Amino acid sequence: MELKPAASRMSATGPADWFTGQVWLDELGALPSAGIRALRVTFSPGARTAWHAHPGGHVLHVMGGAGLVQAAGGPQDGGDAAGGLGGRPGGSSRLVIQPGRTVPGGGLPDARRS
């Protein structure tokens, strides 16, 4: 078990090649030996992610606002996403728990889509 004070958590703005608008990434915890990370990702209104996938799966828990996800070529949906979906969520705050890494899918979304 590893205990860390809240002040020791990583916090950063989302990189411009992954996001449009203002996005904050706050690491809540990690188990590096298992390849698992937990992040709070906060999107300002209108912020979006680039297309991406979570090949190892992930849990997406929307903590505030709307959490939109979309499988490549499929319809948008709200709520929690199961592993393997490519997503581009809209403005909100969410908890993301994932094994492995996020794989970029290319292209930032246009402003007309959520």
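A short reminder: the numbers here are calculations on the coordinates, not readings from a lab. Everything quoted here is computed from the prediction, not taken from an experiment. Here Cβ is always computed from backbone atoms with ideal geometry, including for glycine, and neighbour counts include all displayed protein chains.
Taking the criterion of being over 17 Å from GLY46 (Cβ atoms) and touching a Phe, Trp or Tyr at 6+ places or on another chain (Cβ under 9 Å), the residues of the range 1-24 that qualify are SER11, ALA12. In the range 15-49, the qualifying residues are those that are buried (at least 17 other Cβ atoms within 10 Å of the Cβ) and among the aliphatic types (A, V, I, L, M), and the one that is farthest from THR102 (Cα to Cα) is ALA47. Of all residues in the range 19-59, how many are under 18 Å from PRO5 (Cα atoms), touching a residue at least 24 places away in the same chain (Cβ under 8 Å) and touching a Ser or Thr at 6+ places or on another chain (Cβ under 8 Å)? Here the count works out to 1.
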